[in-house]
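Laboratory data are not the source of any read-out in this text; all were calculated from the coordinates shown. What you see is a predicted model, and the numbers here were worked out from it, not measured in a lab. In this analysis, Cβ positions are derived from the backbone assuming ideal geometry, glycine residues included, and neighbour counts consider all displayed protein chains.
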Amino acid sequence: MTEDSIASRPLLEQVRSGDGVPAHIAIIMDGNGRWAGERGWPRFMGHREGMKSVRRVVTGCLAMGVGHLTLYAFSKENWARPAEEISALMKLLSEYVEREKQELAEKGVRVKVIGDRSRLSPAALVSVDSIEAATTGGDRLVLQLAISYGSRDEILAAARGLAVRCAAGELEPLEITETSFSEALFTAGSPDPDLLIRTSGEMRVSNFLLWQIAYSEIYVTPVLWPDFGEVDLYEAVLEYQRRERRFGRVTR
């Protein structure tokens, strides 16, 4: 057991005794480059260290009984970064898959990759297919990795898909509902996030799950992603449990 797990035990017990655990947590993992820069290291070292935080968060979600976790790993906009950084990120993806897929499968985690796969390298595509196939039987936690992902693109793809069905006579425009639209998104099958966490203190959602986070509770922490652990996760959930979720209604 890690030091983080030991230190977080009291917080985990508070979460378990609190008022409801989120069914779905989404995280914007930010601050890898800043973390590396503060140490005078190249940016890819921050991304590598951030992989450890992914493991800690998965462990924490399993301990709490969270059923769905979505991590913003690589955005559509990230393709504009220097070629060497993109290459390093794709290599880290393959490294993560080879190192983690067996343990994820054993723990009952099913991995689903969402985003535009057409821009991924052949090696990255092999890794994505490999981890999805290896974890297909997972029934404790659905881990959605948003890679080459942009929410506006996702919404447009859903709208176009529904429009094609309407043009083919399979669906009437007035039959399109919030439910049917949600089912056309990459995240079909997962509930909307109850809690959205953003690390590194940035106050924006960065084109992430724009449709799905309509009523999500938002928690921003100054902690940089490579430093984020189970303690930080449980603190975010405890704050979530303290809030009153009204969904636009008035309560007395």
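Computed quantities for the displayed model
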{"read-out": "Loop trypsin sites (Lys or Arg not before Pro), region 175-242, which have at most 12 other Cβ atoms in a 10 Å radius of their Cβ (DSSP)", "value": "204"}
{"read-out": "Answer label, with semi-axes √(5λ) of the Cα gyration tensor in Å calculated from the coordinates and candidates [x] 28, 25, 18; [y] 34, 19, 16; [z] 24, 22, 18", "value": "[x]"}
{"read-out": "Modelled FRET efficiency - R0 45 Å, residue 177 with residue 39, Cβ distances, 0.05 increments", "value": "0.35"}
{"read-out": "Cα-centre dipole for region 106-219 with unit charges at Cβ (Lys and Arg positive, Asp and Glu negative), debye to 20", "value": "400 debye"}
{"read-out": "Theoretical gain in end-to-end length, residue 5 to residue 85 [0.36 nm per residue, Cα-Cα removed]", "value": "25.7 nm"}
